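> Input: one structure, supplied below.
Each value in this text was obtained by applying a stated rule to the coordinates, not by laboratory testing. The shown structure was predicted, so the numbers you read here are calculated from the model rather than taken from an experiment. As a convention, Cβ positions derive from the backbone with ideal geometry for all residues, glycine included, and neighbour counts pool all protein chains shown.
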Amino acid sequence: MNSFKLLKGNKIANKKGSLFKYFNKNSLPKNWKFGEIYISEISKNMIKGWHWHKYQTSTLLAISGNIKVVLIEKGKFKKFTISKTNLKTIIIKPRTWYAFQGLEKKSNILNLSDKVHTPGFSKKKAIDYFSYNWK
């Protein structure tokens with residue numbers, strides 16, 4: 001796996017309510033262990049980032065709305081849209097800069113991490129630190 005892995009889930013329709021299957025344990029890195037899970041709410045056009053974790057792998061999926069995720073791999077920007085509609089999950093390896101932007105009035109991104117967040121092992125930069133055009 002490079003600095004990220006993109007997974008595509010599937011929807012199993014049911015008249016009582018659909019099931020949305022994003023991934024299973026075989027989709028995750030072999031040494032992956034549970035650290036923490038949290039939901040980050042983001043408003044339309046707002047940007048959260050840039051984030052960098054020394055040891056933590058972040059597994060991101062949208063549980064509502066649409067979210068643009070941008071990461072930097074080998075000095076180049078990689079852009080993805082994740083949503084409840086497209087059922088994409090992005091696994092971001094440690095030592096990768098990333099940020100995300102809400103594309104709807106309210107969007108929620110779920111982060112399933114393999115480690116508990118430790119401030120001493122993470123970095124943040126202002127959104128204009130890297131020259132990405134968010135428009």
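> Specify the residue with the greatest mean-square fluctuation among Gly120, Gly17, Gly102, computed from a Gaussian network of the chain linking alpha-carbon atoms under 10 Å apart.
Gly17
> Now for a different question. Which is farthest toward the positive dipole end of the chain among Leu110, Ile127, Ile91, measuring Cα position about the Cα centre, with Cβ charges +1 (Lys, Arg) and -1 (Asp, Glu)?
Sorting the options by dipole projection puts first Ile91.
> Taking 0.36 nm per residue of separation and subtracting the Cα-Cα distance, what length does fully extending Ser122 through Lys106 add?
Values: separation 16, 0.36 × 16 = 5.76 nm, distance 2.62 nm.
Extending this stretch completely gives an extra 3.1 nm.
> Can you work out the Karplus-derived ³J(HN,Hα) for every residue in the range 78-91? Use 6.51 cos²θ - 1.76 cosθ + 1.60 with θ = phi - 60°, whole Hz, and x for glycine or proline.
10, 10, 9, 10, 10, 7, 5, 6, 8, 6, 8, 10, 10, 9
> Quick one: length gained pulling Glu73 to Tyr38 fully straight, 0.36 nm per residue minus the C-alpha distance? List each step's numbers first, then the result.
On the way: separation 35, 0.36 × 35 = 12.60 nm, distance 2.45 nm.
Extra length available between Glu73 and Tyr38 comes to 10.1 nm.
> What ranking do Ser18, Ser122 get, fewest neighbouring Cβ atoms within 10 angstrom at the top? Let's see the in-between values first.
On the way: Ser18 10, Ser122 14.
Final ranking by Cβ density, sparse to dense: Ser18, Ser122.
> Further question on the same structure: Mind listing the long-range amide H neighbours of Lys115? Cut-off is under 5 Å, sequence gap 5 or more, other chains count too, H placed in the peptide plane at 1.01 Å from N.
Those lying under 5 Å, H to H, from Lys115 are Gly35, Glu36, Thr57.
> Output wanted: per-residue J couplings in Hz (rounded whole) for the range 15-23, from phi through Karplus 6.51 cos²θ - 1.76 cosθ + 1.60, θ = phi - 60°, x for Gly and Pro.
5, 7, x, 6, 10, 10, 9, 8, 6
> Grab the eigenvalues of the alpha-carbon gyration tensor for the range 54-102, scale each by 5, take roots, and send me the semi-axes largest first in whole angstrom. Mind dumping the intermediate values first?
Details: eigenvalues 76, 30, 12 Å².
Largest first, the range 54-102 gives 19, 12, 8 Å.
> May I ask you to compute the full-extension gain from Ser131 to Arg95, defined as 0.36 nm times their residue separation minus their alpha-carbon distance, rounded to one decimal in nm? Don't skip to the end; give the middle numbers.
Numbers: separation 36, 0.36 × 36 = 12.96 nm, distance 1.86 nm.
Net length gain for the segment: 11.1 nm.
> Quick one: go through the range 107-127 and flag any residue whose amide nitrogen is under 12 Å from the point 7 Å out along the Cα-to-Cβ line of Met46.
107-109
> Choose one answer from Ile12, Ile90, Ile37: the residue with the largest mean-square fluctuation in a GNM of the chain with alpha-carbon springs under 10 Å.
Ile12
> Roughly how many debye, to the nearest 20, is the charge dipole of the chain about its Cα centre, given +1 on each Lys and Arg Cβ, -1 on each Asp and Glu Cβ, and no other charges? Spell out each step's value before the answer.
Working: 28 positive and 6 negative charges, 70 e Å.
Roughly 340 debye for the chain.
> Can you work out the PRE-style zone for Lys30? Point 7 Å along Cα to Cβ, and I want the residues of the range 53-83 with backbone N under 14 Å.
Output list for this probe position: empty.
> Mind checking the range 21-88 for chymotrypsin sites (Phe, Trp or Tyr not before Pro) that DSSP puts in a loop (not H, G, I, E or B) and that have at most 13 other Cβ atoms within 10 Å?
Numbers: sites: Tyr22, Phe23, Trp32, Phe34, Tyr38, Trp50, Trp52, Tyr55, Phe77, Phe80; in loops: Tyr22, Phe23, Trp32, Phe34, Tyr55.
Answer in residue order: Phe34, Tyr55.
> Considering only Ala13, Ala99, Ala62, give the residue with the highest GNM mean-square fluctuation for the chain, with springs between Cα atoms whenever their separation is below 10 Å.
Highest fluctuation among the options: Ala13.
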